[in-house]
Amino acid sequence: MAQKYLIETFGCQMNVHDSERMAGLLEQAGYESTDEAADADVVVINTCSVRDRAEGQLYTRLGELRQMASELGTDPTVVVAGCVAQQEGEAIVKRSPGVADVIVGTQAIRRLPMLVAEAAGRRPVIDLNPYDDVTWPLGVTRRNDPIKAYVTIIEGCNEFCSFCVVPYTRGHERMRPKADIVAEVRDAASQGTREIQLLGQIVNHYDAPDDPGCDFVGLLEAVHEVDGIERIRFASPHPRHFDRRFLEAMKRLPKICRHLHLPVQSGSTRVLDAMRRRYTRESYLDLVAAIRETLPDVALSTDMIVGFPGERASDFDETLTLTSQVRYHSMFSFKYSPRPNTLAIKRLPDDVPEEEKTRRIIALQALQREIQTMLNEALVGTTLEVLVDAASRRRETELSGRASTNVVVNLPGPASWIGRTLPVRIERAGPHSVWGQALSVQPPAIS
Ligand code: SF4
């Protein structure tokens, strides 16, 4: 009987995609997937270290696995992968002795089956080596989603924003060859993928190593030509790498979704400077104005940190006024927490009291909720083209999907609509999604 594996994923889209790659590698090595840790011969915990809470989740989970194995009398191979593995390495083994058998760094995941095999003879096995090769063989990735596919275009980051752990955990910026990316997009399209999500820490910094002069615009044009792909998304562009040519390309290429994630992090130039973001409040707002002028139908989302070292009440007020001015369709907001190795932890005291950070995040999230509700209510009575991608988590009879702007749309309908793009008349709105009815749905064509 085949051995079984389970992968538990914390963190960002990049981690979700790494898990798809690790699943494919394990299946190539003869493993089958299971949803139950108790049945698994190999349990992979793919970790995130962007927030300290995610690290805590790892140690809680390792404790649970130790208890489960002792109660069942089993001995699964436990693998810790992802950013915490890269950052903590052997310290994970010391903190949870006898539980973590394999520690695999972010650049070593392609060696996962070999490391698991090695762990049968000696434990722990640790590989945190930097492997610069970012090519990836076709057909390995086991995608979770039949409709949407993640495709990595850049690994690592060279920006070294002072709060961010990514350059230390994912290494320096490495561009994936354009030919490799386009081949993966074609392969995904041939398997029925409708939407491509290009991933990289700074996608608009792309510079093809195999096609001199081809930047992110050139890559978008190449992906746009792939038959069968209906929508293209990407995450995330960096505000300081935008240019007019990119905005014109978004306008010109209809498959590119009308959504831009534009991480700002703070509304105060003083704080942005301490964060080493290399743009100002004013230049960011100029960029937003240029986007709105060229692409008036584009929805914006962002990331925001409150309580960064040295953030005064007046700086936070600037975050609130910027939020009101830009009117983001969605926002990921966090209280600052010092991360290992970063410039901020070395040089900037974490001097905003916890209760003040909490007060600020509550105020920011309340404002954002108000804005989102208003933007969603303005959609009532309009018709959106919705790519139906799942049964809704709320009710079995409901489907959900996304408009090009990334707004989540819920609608009643049969499961056979999943994977289709339908016009949906919006009838009702909430802060996080809207509800509507599909218009004039034709049965699927029989080929
Ligand atoms: Fe981190 Fe800054 Fe790089 Fe984004 S751009 S991954 S925040 S260092």
Return a yes/no flag: does segment 224-239 have any residue that is surrounded by fewer than 16 Cβ atoms within 10 Å (Cβ to Cβ) and within 16 Å of the ligand (Cβ to nearest atom). no
Across segment 121-154, which residue is nearest to Arg21 (Cα to Cα) among those that are of a type in the set (A, V, I, L, M) and either part of a loop (DSSP other than H, G, I, E, B) or touching a Pro at 6+ places or on another chain (Cβ under 6 Å) (or both)? Val140
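Which one is nearest to the chain's Cα centre (by Cα), of the residues in segment 136-160 that are polar (S, T, N, Q) and away from the ligand (no atom under 11 Å from the Cβ)?
Going residue by residue through segment 136-160, those that are polar (S, T, N, Q) are 141, 144, 152, 158.
Cutting the leftovers down to away from the ligand (no atom under 11 Å from the Cβ) gives us 141, 144, 152.
On the way: Thr141: 17, Asn144: 14, Thr152: 11 Å.
By that ranking, first place goes to Thr152.
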Within segment 90-114, take every residue that is within 19 Å of Leu65 (Cβ to Cβ) and basic (Lys, Arg) and give me the one that is nearest to the chain's Cα centre (by Cα). Arg95
Across segment 313-333, what is the number of residues that are of a type in the set (Phe, Trp, Tyr), in contact (Cβ under 8 Å) with a residue 40 or more places away in the chain and surrounded by fewer than 18 Cβ atoms within 10 Å (Cβ to Cβ)? 0
So which of Leu384, Leu379, Leu367 ends up being in a helix (DSSP H, G or I), in contact (Cβ under 8 Å) with a residue 40 or more places away in the chain and either closer than 30 Å to Glu88 by Cα or not basic (Lys, Arg) (or both)? Leu367
If the Cβ limit is 7 Å and pairs must be 6+ apart or interchain, which residue in segment 28-51 that is modelled with pLDDT of 95 or more pairs with which residue that is of a type in the set (Asp, Glu) and buried (at least 20 other Cβ atoms within 10 Å of the Cβ)? Asn46/Asp18
Within segment 1-41, residues being in a strand (DSSP E or B) and under 25 Å from the mean Cα position of the chain (by Cα) number 6
The lone condition Ala289 fails out of (1) touching a residue at least 40 places away in the same chain (Cβ under 8 Å); (2) over 30 Å from Gly419 (Cβ atoms); (3) of a type outside the set (Lys, Arg) is (1)
Of all residues being in a helix (DSSP H, G or I) and away from the ligand (no atom under 11 Å from the Cβ) in segment 161-181, which is nearest to the chain's Cα centre (by Cα)? Just the residue, please. Ile181
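The values are calculated or read from the model by the stated rules, or taken from the named source; none is laboratory data. Computed from a predicted structure; not experimentally measured. Note: ideal-geometry Cβ built from the backbone for every residue, glycine included; neighbour counts use all protein chains shown.
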